[in-house]
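Asker: Following this message is one structure expressed as structure tokens.
The values are calculated or read from the model by the stated rules, or taken from the named source; none is laboratory data. Remember, predicted model here, so these are calculated numbers, not experimental data. Counting neighbours? That spans all protein chains shown, and the Cβs are built from the backbone with ideal geometry, glycine included. Ligands, DNA and RNA are excluded from the accessible area calculation, which covers all protein heavy atoms including side chains. Shrake-Rupley method; radii C 1.70, N 1.55, O 1.52, S 1.80 Å.
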Amino acid sequence: MQKNREMEMNEYIPSPIKWVADQVELYEGSGGTEGTTLGSRHGAWEGLQVIIVTNRGWKTGVIRKTPLMQVKDGNTYILVGSQGGDPKHPLWYHNLKAEPHVTIRDGINVYSMKVSEVEDANERIRLWQIAVKAYPPYEDYQQKTDRKIPGFVARPS
Ligand code: F42
């Protein structure tokens, strides 16, 4: 019984969004040598580097994998919950609030990291500028929504 429970907990459930699940499969399946950029469906931004955040679902306990833009500030990563400017935070936001220990794959490198939400107003402004420089559409996504787009800093743990 215990064994079954452990197996369930180690189950990876892919994103229900096909192009997202496909990117994770190619990126992870190649050990970080393929599928590492946004890709042609994103026009002018296609060459920008993407990272894969692996964490657990806070309700289900299963493994989730989320591609995000690579935004770096020194040896930390900034994770931006833009969700294309949707009115609601992405579900991974709630997962990371509940369980901040994640793994980040950036190309062939994999790091154990701990995330914390950016709360300080000045730090938020500083990091937002870095994020928009790395991926300008974040600015448009913020214009599209009333919610304040959340950001996490991921530090080596
Ligand atoms: N999204 C961003 O927000 N920012 C980015 O910089 C970004 C870049 C990016 C680059 C490439 C790419 O392929 C995708 C990119 N995305 C980016 C999209 C991102 O990868 C996610 O697809 C998007 O943010 C949506 O995340 P989501 O967590 O809301 O995904 C939903 C669709 C999802 O996967 N739902 C699953 C499901 O089965 O419904 C999982 C749900 C889940 O996490 N459940 C939790 C659990 O316990 O298992 C409970 C959650 C709760 O609170 O109910």
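Asker: Within the set of pairs 6 or more residues apart or between chains, which connect a residue that is farther than 20 Å from LYS59 by Cα and surrounded by 11 or more Cβ atoms within 10 Å (Cβ to Cβ) inside region 1-26 to a residue that is at pLDDT 80 or above and hydrophobic (A, V, I, L, M, F, W, C) with Cβ atoms less than 9 Å apart?
Answerer: Cβ pairs passing all conditions: GLN23/LEU38; GLN23/VAL50; GLN23/ILE52; VAL24/ILE52.
Asker: Could you list, ordered by first residue, the pairs with Cβ atoms under 6 Å in which the first is in region 64-82 and in contact (Cβ under 8 Å) with a residue 40 or more places away in the chain and part of a strand (DSSP E or B) and the second is of a type in the set (A, V, I, L, M, F, W, C) and open to solvent by 40 Å² or more (accessible area, probe 1.4 Å), at least 6 apart or interchain?
Answerer: ASP73/ILE130
Asker: Now for a separate question. If I filter region 34-51 down to residues being near the ligand (Cβ under 9 Å from one of its atoms) and in contact (Cβ under 8 Å) with a residue 40 or more places away in the chain, which single residue comes out as least open to solvent (accessible area, probe 1.4 Å)?
Answerer: For region 34-51, the residue satisfying everything is ILE51.
Asker: Continuing with this model, one more query. Report, by residue number, each residue of region 52-105 that is under 24 Å from ASP146 (Cα atoms), among the β-branched types (Val, Ile, Thr) and either touching a Pro at 6+ places or on another chain (Cβ under 6 Å) or within 6 Å of the ligand (Cβ to nearest atom) (or both).
Answerer: THR66, VAL80
Asker: Could you tell me whether any residue of region 131-140 is β-branched (Val, Ile, Thr), within 14 Å of VAL80 (Cβ to Cβ) and touching a residue at least 40 places away in the same chain (Cβ under 8 Å)?
Answerer: The answer is no, given that none of the residues of region 131-140 is β-branched (Val, Ile, Thr), within 14 Å of VAL80 (Cβ to Cβ) and touching a residue at least 40 places away in the same chain (Cβ under 8 Å).
Asker: I would also like to ask the following. I'd like to know if region 42-63 contains one or more residues that are under 16 Å from VAL132 (Cα atoms) and among the aromatic types (Phe, Trp, Tyr).
Answerer: yes
Asker: State whether the residues of region 106-115 include one that is of a type in the set (A, V, I, L, M, F, W, C) and within 12 Å of the ligand (Cβ to nearest atom).
Answerer: No - not one qualifying residue is present in region 106-115.
Asker: Where in region 92-157 are there strands (runs of 3 or more DSSP E), lying fully within it, with 3 or more residues that are at pLDDT 95 or above and touching a His at 6+ places or on another chain (Cβ under 8 Å)?
Answerer: 109-117
Asker: Ok, one more. GLY57 - would you say it is over 21 Å from ASP22 (Cβ atoms), of a type outside the set (A, V, I, L, M) and touching a residue at least 24 places away in the same chain (Cβ under 8 Å)?
Answerer: In short, no.
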